[in-house]
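K.L.:
Have a look at this one.
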Amino acid sequence: MLTTLINLFVNLLAAYLLAGILFSIFFYLKGATRIDEGIKGAPWHFKLILFPGVVLFWSVLLFKVLRRS
């Protein structure tokens, strides 16, 4: 029973992180400039610093991008 719950939790966490990684591709290509115009000319290493936060908070950022569209 406990191992089933742990497996379920790990699978849900993996799915959430995979969704975040896929969202980050869209976010860097189109969505980031909808939230903040200043990121348009940002270097790649700045975007690399933002990557963990985008993956973790992808659901919040998706809501913000959709509100600004």
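The values are calculated or read from the model by the stated rules, or taken from the named source; none is laboratory data. Because the structure is predicted, anything quoted here is derived from the model rather than measured. Note: ideal-geometry Cβ built from the backbone for every residue, glycine included; neighbour counts use all protein chains shown. Quick note on the areas: whole protein, heavy atoms, side chains included, nothing else; ligands and nucleic acids left out. Shrake-Rupley method; radii C 1.70, N 1.55, O 1.52, S 1.80 Å.
K.L.:
Taking the chain, which trypsin sites (Lys or Arg not before Pro) meet the DSSP loop condition and have no more than 11 other C-beta atoms within 10 Å?
P.N.:
Here the trypsin sites (Lys or Arg not before Pro) that fit, given the DSSP loop and packing criteria, are K40.
K.L.:
Here's a follow-up. Calculate what fraction, in whole %, of the accessible area of the chain sits on carbon and sulfur atoms when a 1.4 Å probe is rolled over the protein chains.
P.N.:
Carbon plus sulfur share of accessible area: 74 percent.
K.L.:
Between D36 and I49, what is the label-point separation in nm under the 7 Å Cα-to-beta-carbon projection?
P.N.:
The modelled label-to-label distance comes out at 1.0 nm.
K.L.:
Using 0.36 nm per residue, how much length does the chain from K64 to I25 gain when fully extended, once their Cα-Cα distance is taken away?
P.N.:
Details: separation 39, 0.36 × 39 = 14.04 nm, distance 1.59 nm.
Extending this stretch completely gives an extra 12.5 nm.
K.L.:
Using Cα atoms only, what is the angle between the long axis of helix 44-56 and the major principal axis of the chain, expressed in degrees (0 to 90) to the nearest 10?
P.N.:
Result, in degrees: 40.
K.L.:
Of the residues G31, G53, G20, which exhibits the maximal mean-square fluctuation in a Gaussian network model of the chain defined by a 10 Å Cα contact cut-off?
P.N.:
With Cα springs under 10 Å in the chain, the top fluctuation among G31, G53, G20 is at G53.
K.L.:
Quick one: accessible area per residue over the chain, 1.4 Å probe, rounded to a whole number of Å²? Working shown, then result.
P.N.:
On the way: 5390 Å² over 69 residues.
Each residue of the chain exposes 78 Å² on average to a 1.4 Å probe.
K.L.:
Same structure, new question: Between A14 and M1, what is the label-to-label distance in nm when each label sits 7 Å out along the Cα-to-Cβ direction?
P.N.:
Going from the A14 label point to the M1 one covers 2.5 nm.
K.L.:
Would you mind checking the tilt of helix 2-26 against the longest principal axis of the Cα atoms of the chain, expressed as 0 to 90 degrees and rounded to 10?
P.N.:
10 degrees
K.L.:
Additional query: Can you tell me the orientation of helix 58-68 relative to the chain, as the angle in degrees between its alpha-carbon axis and the longest Cα principal axis, to the nearest 10?
P.N.:
The angle comes out at about 40 degrees.
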